[in-house]
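For reference, the structure is listed below as structure tokens.
Please treat every number below as a calculation from the coordinates, not as lab data. On a predicted model such as this, the values are computed, not experimentally measured, just so you know. With ideal geometry, Cβ positions are generated from the backbone for all residues, glycine too; neighbour counts draw on all protein chains shown.
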Amino acid sequence: MTDDASADADAPVTAYVTAPRDAAADLARRLVDARLAACVNVVDCTSTYRWDGAVHEGAESILLAKTTAERYADLTDRIVEWHPHGVPCIERIDAADAHDPFAAWCADAVSD
């Protein structure tokens, strides 16, 4: 692997995920325990959304899971497997300019 390819694999990525409040802490802990996320911030929110033709509002949590480009696909697979919803919200946010020491810590925290 070239240095550029290695750097791309270690590039910081944040997964934006929503989950029911009663499932969020467990999901966050499992992702970190499995070394799929270096850190997961859990922030309570209220979501308004359309589902099955009706508008709903409910208490949820936002999970901001910090990982790397290389680990993102595995993280997504586990979220789909462990999430209580059949269609979980999972969105990728690529960091264009992460603080170098943070990016290095993140890459180290999710390495095998």
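Taking the Cβ of residue 13 as the centre, find all other residues whose Cβ is under 12 Å away and add up their charges (Lys, Arg: +1; Asp, Glu: -1).
My count for the surroundings of residue 13 gives -3.
When the helix-only estimate is applied to the chain (DSSP H runs of n ≥ 4, each -39,500 (n - 2.57), divided by the residue count), what is the mean residue ellipticity at 222 nm, nearest 500 deg cm²/dmol?
Helix-only estimate at 222 nm: -12000 deg cm²/dmol.
Suppose every K and R has +1 on its Cβ and every D and E has -1 on its Cβ; what is the size of the dipole of the range 3-109 about the Cα centre, in Debye to the nearest 20?
Approximately 420 debye in magnitude.
Hand me the trypsin sites (Lys or Arg not before Pro) from the range 1-97 located in a DSSP loop with no more than 16 other Cβ atoms within 10 Å, in residue order please.
35
Charges on Cβ only, +1 for Lys and Arg, -1 for Asp and Glu, centred on the Cα centroid of the chain; of 96, 15, 85, which one is farthest towards the dipole's positive end?
The residue sitting farthest along the positive end of the dipole is 85.
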